[in-house]
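Accompanying notes for the structure given below.
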Amino acid sequence: MLDDNLIIEKYFARDETAITETSQKYGKLCYTISNNILASAEDAEECVNDTYLKLWHTIPPERPLCLKTFISVVIRNISLNRYNYLRQKKRSAEMEISLTELESILPDKSINPEFENGFSEIIDEFLNMLSADSRVIFVRKYWYFDSIVGIAHDFGFSESKVKVSLKRSRDKLEKLLYEKGVKL
């Protein structure tokens with residue numbers, strides 16, 4: 001597999017093999033993220049293909065610093081948009097659970113316009129406060145919408161340990177948001 005910088009250069013050269021290389025290196029990751037959100041193989045595959053098209057139209061002019069992160073954000077956003085579109089028909093249980101758990105501690109940006117101003121810096125600070133395991137567990141649950149069962153299995157932890165870790169992390173996030181003056 002090609003190095004990420006070489007893949008990016010292929011996009012800039014408008015070389016169509018960039019998509020093939022992206023698919024080979026990040027196709028499984030894209031599918032997993034999308035399927036965790038949509039809980040539908042067909043919809044996930046469609047979102048993965050939409051991601052490749054979006055990358056083709058976005059690189060250039062964008063030059064991602066980290067291709068994996070860039071691709072993850074693109075597939076996540078496309079999948080969330082698709083989820084919202086299909087919301088009345090289908091629901092991903094893991095996504096619903098994750099969003100419900102965070103709902104009580106995150107500010108409502110329709111009421112709180114400062115929500116986006118500096119919020120990503122607060123989240124970065126929060127994630128840096130966590131231990132490595134807690135950080136990965138938190139991100140897998142609330143960014144990738146992985147199940148508690150899946151996280152526990154991958155870490156070799158009990159489901160109870162994962163739940164406790166997530167609860168403690170949410171409590172820390174809520175405390176930090178309060179300290180930073182973010183109104184809930």
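Please sort by residue number the GluC sites (Glu not before Pro) in the stretch 1-44 whose DSSP state is loop and whose Cβ has at most 11 other Cβ atoms within 10 Å. Listed in order of number, the matching sites are GLU16. If you wrap the tightest convex hull around every Cα atom of the chain and split its volume per residue, you get 138 Å³. Within the chain, which is the longest segment that contains none of the trypsin sites (Lys or Arg not before Pro) sitting in a DSSP loop with at most 16 other Cβ atoms within 10 Å? Looking at the chain, 15-86 is the longest stretch - no exposed trypsin sites (Lys or Arg not before Pro) with at most 16 other Cβ atoms within 10 Å.
What's log10 of I(q)/I(0) for the stretch 4-86 at q = 0.19, 0.20, 0.27 Å⁻¹, Debye sum over Cα points only, no solvent? Ignoring solvent entirely, the Cα scatterers give -0.74, -0.81, -1.31.
Spacing of the modelled spin labels on LEU65 and VAL136, each 7 Å from Cα toward Cβ, amounts to 2.3 nm. Within the chain, the selection of entire DSSP H helices by a Cα span of 27 Å or greater along the long axis and an average Kyte-Doolittle value of at least -1.0 returns 17-38, 67-86. Taking 24 Å as the limit for the C-alpha separation, the pairs LYS28/LYS172; LYS25/LYS167; LYS141/LYS161; LYS141/LYS175; LYS68/LYS141; LYS10/LYS54 exceed it in the case of LYS28/LYS172; LYS25/LYS167.
Extension gain for GLU96 to THR32 (0.36 nm times residue separation, less C-alpha to C-alpha distance): 21.4 nm.
Helical content of the chain, expressed as a calculated mean residue ellipticity at 222 nm, amounts to -23000 deg cm²/dmol (DSSP H runs of 4 or more residues, -39,500 (n - 2.57) each, divided by residue number, nearest 500). What the phi angles of the stretch 60-65 give under the Karplus curve with 6.51, -1.76 and 1.60, with θ = phi - 60°, is a coupling list of x, x, 5, 10, x, 6 Hz, glycine and proline written as x.
No value in this document is a laboratory result; all are computed from the given coordinates. None of these values were measured; they are calculated from a predicted model. Note that each Cβ is placed from the backbone with ideal geometry, even for glycine, and that neighbours are counted across all protein chains shown.
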